[in-house]
Amino acid sequence: MKHFLKETDFSPREAAAVFAQARELKRQRGGATPRPLAGQTWAMIFSKSSTRTRVSFEVGIHELGGNPLFLNRADIQLGRGETVADTARVLSRFVHGLVVRTFDHAEVEGLADAGTVPVINALTDLLHPCQIYADLLTLAERWAAPGEDLLAALKGRKIAFVGDRGCNVANSWIMGANMFGMKISLAGPPGFDAAPEFDALLAREGFAKSYEFTTDAYAAVRDADVVYTDVWVSMGKEEETAERIRVMTPFQVTSALFAAAKPDAFFMHCLPAHAGQEVTQTVLDSPRSIIFDQAENRLHVQKAIMATLAAR
């Protein structure tokens, strides 16, 4: 059974096919499109609130011909103590796939191990692979020459991630950058580094020490093709809000910091953005800000991922 829990669950060749399919589904949207999920119901288990993730998956399942079934964790027995394994076994008797947005990465792994249907990681505290695939497609669309392989256009490009160097989006960007031949430098305050479990995962994937951590935002951004940031206070970290804002403020993406990247660099953010905290409104509104293209491409990439898993 094939799952998508982390970027490397697809080989580079499989990922290339996913990207090509996402681009074709994007082109076909609004017309006669394939319906590989016809007759299927996909359950969406959400432990965290969401805008882009929930809407893009619900719309995507519907557009592929399937029926999306939203399950708030608090409303099912998983929220009352049923084991992850038993939840996976039961739901596998009812539905054709699981989309899971939760805190603990071990939960999506447990659902995948015990169930008999495909599981997609829609976000955990460790990784956010659907976001990074959408980001990579967004960049490849801009950099690929006519007829050029989408993923080939990513090789050698540099991304600078500024802010919380140990958050799930930063972790997934490290995975994605290394998988597709990009360079990555991450800048943030001391103490906000990758967790030991993530370093262990990188080592298993052969990516150990394949990224640069620095406390100098300008050094990270220098010669970057992309400047990326995320919120400073992720869900579940609200009690740390005041301290995180205090230590992260020197790492705000300002116009001056953005100008230190390449003249044609893009600004990216997985959203929602808090203007005046991790990034200024001026940068968010820049002509080189592609934040809403990223958001749109979540739909197309996730449709391609689901179509690929459904075909297995």
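The values are calculated or read from the model by the stated rules, or taken from the named source; none is laboratory data. None of these values were measured; they are calculated from a predicted model. Cβ atoms come from the backbone with ideal geometry, glycine included; neighbour counts cover every protein chain shown.
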Can you name the number of the only condition in (1) surrounded by 12 or more Cβ atoms within 10 Å (Cβ to Cβ); (2) under 23 Å from the mean Cα position of the chain (by Cα); (3) in a loop (DSSP other than H, G, I, E, B) that ASP223 fails?
(2)
Hey, among ALA261, ALA217, ALA242, ALA170, which residue is within 21 Å of the chain's Cα centre (by Cα) and not acidic (Asp, Glu)?
ALA170
Go through (1) in a helix (DSSP H, G or I); (2) at pLDDT 95 or above; (3) β-branched (Val, Ile, Thr) one by one and return the number of the condition THR241 breaks.
(2)
So which pairs qualify, if the first residue must be in the range 1-29 and closer than 18 Å to ILE174 by Cα, the second must be of a type in the set (D, E, K, R), the Cβ gap must be under 6 Å, and the two must be at least 6 apart or on different chains?
THR8/GLU205
Select, from LEU91, LEU123, the only residue that is within 17 Å of the chain's Cα centre (by Cα) and of a type in the set (A, V, I, L, M).
LEU123
Quick count over the range 3-62, residues being surrounded by 13 or more Cβ atoms within 10 Å (Cβ to Cβ), polar (S, T, N, Q), over 15 Å from the mean Cα position of the chain (by Cα) and under 30 Å from ASP199 (Cβ atoms), is 1
Would you call ALA106 assigned to a helix (DSSP H, G or I), in the same structural domain as THR33 (by TED's automatic domain parsing), under 21 Å from SER50 (Cβ atoms) and within 24 Å of the chain's Cα centre (by Cα)?
yes
Would you confirm whether or not the range 279-295 contains a residue that is more than 22 Å from the chain's Cα centre (by Cα) and assigned to a helix (DSSP H, G or I)?
yes
